[in-house]
Amino acid sequence: MARRYFPKSVQDLLWWYERFISPLALVAGFISDNFILLKRVDFWFTDALLFFYLVVSALCIIALNIIESGRVRNQLIVRFAPFIPVVMQFSFGGLFSGYLSLYSRSASFLASWVFVVLLAVLLLGNERFMRLYVRFSFQISVYFGVLFSFLIFFLPIIFHQIGPKMFISSGALSLLVMTLFLMILARLVPEVVKKNKTVIARSIAVIYIMFNILYFNNIIPPLPLALKDSGVYHNVVHLTSGTYELTGEPLAWYQDYLDYNNVFHETPNDRAYVYTSIFAPTGLTTIVQDQWQYYDPAARKWTTTDTIAYEITGGRDAGYEGYTYKGYLTPGDWRVNVLTQYGQIIGRVAFTVVPVSAPVSTVVTDK
C-alpha cells in the first residue's frame, strides 16, 4: 500500500526531491555547516569542501550544456539528465550555506548586514532556482558569484595577507578563471556561448562591480578575520599563565548577544577596559585598531576620541586576545569599533556609561 507514495519515474523522483528531500537537506546542511563542518575558515577540510562544491558545479554546467546541445545520444545518460540541475542546485546550496556560516561569524551584523542578508536570500532562494539552473547565463552568473566569494577569503589564507590588494587579486583571479572556463565551454558548445555571450558579459560585469562597491564601502565582512569574543570590563589582567582575568559586571544571559544593552557603572578615577579575542588564520599577522567613539547628543553623531592600534598573530582557535582601556569617560553612549588597518569593521562593543559614587558588584572570569 505504501509503495504507491514512492516515485515511479524520473519526473516523480524530481517532484519527490523538490517536495520532501530538498527542504530537509537545506536545514540539515545549514546546521551541519554551522556546528560541525565549517568551524574555521583556515581548516583544510573547510576549504576542500567548498572547493569540491565549486568543481562539481563546474562539471554540472559542462555536462548539462553538452547534453542539451544534442552532442550526447546515449539514452541512459539523456534519461537522467534532469538530475544534473538537482546536483548543481545541491552544490550551489552547499556554497551559499557555507558562505553564510563563515561570513556571518566574521563581522558585526550591524556593519555587514547587507551582505549577510544577501547570502541568506540566496540560500533560501536556491530552493526555487532549479528551473533557472537550466539557463546557461544564470549558471555562469551564479558560478562567478560563488567563485569570487570563495577567493576573497581563500587568497588571504594562502598568502597570509589581508587588505585591498588581496581583494583586487581575488577579483582578477575570478575573472581569469571564468575566462578560461568560458573558453573551454566555447570549444565544447560554441553555439551556446555565442548566443549568450552578451548577457554573460553584462552579468559578470554587474556582479564584479557590485562586489567592489560592497567591499570598498566596508559591507563585505573582513573574512578570514573574525571577532570570537568581546566585552567591556572594570579591569583586565594578563596572567603569567597566558590567560586573562576579567573583572566585569554580571550580565543576564541574553545581554551577551545584545552588545548595545550593556551598562558600565563608572566610579571616579575608574577605567573602562574593552577586551577582544580576534581569530586570524595560522601564519597571518596584521594590525587591528580599537576605535573609541562617544555619541554626542548635541551634534547627533558619533565622535572618535581615541584610536589605538596593535598587532595580532593568527593560529589560535579561540582568537588572539588583547585589550585597550580609557579613563574619565563622559556619561552616555559609547562604542568601540574593532577595525582592520584598512578601516573594515571586524566587530563592535557598545555600552552606556552611568556615573556612580560607589563601586558596583562585579564578577571575575578567566579566559
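So the values come out like this:
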quantity: Qualifying position, being out of contact with any Leu (no Cβ under 8 Å at 6 or more places or on another chain), under 19 Å from residue 245 (Cβ atoms) and at pLDDT 90 or above, among 324, 303; calculated: 324
quantity: Conditions (1) closer than 30 Å to residue 325 by Cβ; (2) outside the structural domain of residue 362 (by TED's automatic domain parsing); (3) among the acidic types (Asp, Glu): number failed by residue 191; calculated: (1)
quantity: Residues of the stretch 212-238 that turn out to be in a loop (DSSP other than H, G, I, E, B) and of a type in the set (A, V, I, L, M), as a count; calculated: 4
quantity: Residue within the stretch 225-242 that is surrounded by 18 or more Cβ atoms within 10 Å (Cβ to Cβ), touching a Phe, Trp or Tyr at 6+ places or on another chain (Cβ under 8 Å) and more than 30 Å from residue 363 (Cβ to Cβ) present; calculated: no
quantity: Residue, farthest from the chain's Cα centre (by Cα), within the stretch 333-359, restricted to residues that are in a strand (DSSP E or B) and more than 24 Å from residue 227 (Cβ to Cβ); calculated: 355
quantity: Residue in the stretch 172-179 that is in contact (Cβ under 8 Å) with a residue 40 or more places away in the chain and either of a type in the set (Val, Ile, Thr) or under 20 Å from residue 58 (Cβ atoms) (or both) present; calculated: no
quantity: Condition check for residue 216: touching a residue at least 40 places away in the same chain (Cβ under 8 Å), crowded, with 17+ Cβ neighbours inside 10 Å and either closer than 27 Å to residue 41 by Cα or assigned by TED's automatic domain parsing to the domain that holds residue 60 (or both); calculated: no
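The values are calculated or read from the model by the stated rules, or taken from the named source; none is laboratory data. These numbers come from a predicted model, not from an experiment. Neighbour counts run over all protein chains shown; Cβ positions are idealised from the backbone, glycine included.
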